[in-house]
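Visitor: Below is a structure I'd like to ask you about.
No lab work stands behind these numbers, since they all come straight from the coordinates. Bear in mind the structure is a predicted one, so any value in this text is a computation, not a measurement. Glycine also receives a Cβ, built like all others from the backbone with ideal geometry; neighbour counts cover every protein chain displayed.
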Amino acid sequence: MAKYQLRLYDDRLGAKIALTQPYAALNRVLYVADGMATVKSGGETAATLSSNSAWYNASETTVSAGADGVHILRYELVDGAASDGDSLITGAGVSSVLLYQAEVDLNPGDDYLMRCDRVDIPPSGIAYTHTHQGPGIRCLLKGGFTVETQGHKTTIDAGEAWFEAGPDPVLAYAPPDRPGNFSRVMVLPRNLLGKSSITYVNADDATKPKLQRYTVFIDEFITI
């Protein structure tokens, strides 16, 4: 096992602003929280992304914003020795903030699955005590959320991020007056392609009605 960093950056580009330097070549997911962006790789246009869409690439990538700018949540998996400032972007009309980073243990040379999805939980909705088969970072897009794990309770507001290691049991729920809608990127075993990563700790919870909705954007095989 070796140390890696799973990171989440909040990048914002003003109207029609283009990056002057590309994102470096590494395993990356771009989730567009708002606005539109054109993504180029290898000098060619690879995708046009609108709000609530995502894109994966492991090559050098450049981004340009649409007429109203773009807000991107950028999830990256990097070597554990890399500086946290290495991936910050700069330039006129550009802002970049590291929202969260977490150390994860992975086997170099092994193959993994990088998943990006969105979870929408209505007011008072509950994600019953559960585990996942891999680590991941989440970012609350709208509403509020409370996460209980390892004896700690954390209240999360829109725009804030948190980490779940995977095997640690988690109970999470939205407040009665707001939803808990978040984007998420996890590193999972490849055999979970197209399958849920969740396991409920209490057998009775597995059969209870679930109010949360899942939208999977990316299920991509990666090699580290």
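Visitor: Please compute the modelled spin-label separation between residue 18 and residue 157, points set 7 Å along Cα→Cβ, answer in nm with one decimal.
Guide: Calculated label separation equals 3.8 nm.
Visitor: For region 113-223, divide the Cα radius of gyration by the Kirkwood radius and give the resulting Rg/Rh value with two decimals.
Guide: For region 113-223, the value is 0.94.
Visitor: Got a sec? Charge dipole of the chain, +1 on Cβ for Lys and Arg, -1 for Asp and Glu; which of 13, 209, 126 is way out at the positive end?
Guide: It is 209, whose Cα lies furthest towards the positive end.
Visitor: So what's the gap between the Cα centers of region 47-116 and region 183-213, to the nearest angstrom?
Guide: Answer, in whole Å: 24.
Visitor: What translational diffusion coefficient, to the nearest whole µm²/s, does the chain have by Stokes-Einstein, given a Kirkwood radius computed over alpha-carbon pairs, a temperature of 4 °C and 1.567 mPa s viscosity? Each step should come with its number before you reach the end.
Guide: Working: Rh = 18.0 Å.
Answer, rounded: 72 µm²/s.
Visitor: Placing one identical point scatterer on every Cα of region 1-101 and ignoring solvent, what is log10 I(q)/I(0) from the Debye formula at q = 0.19 Å⁻¹?
Guide: After summing over all Cα pairs, the log10 values are -0.87.
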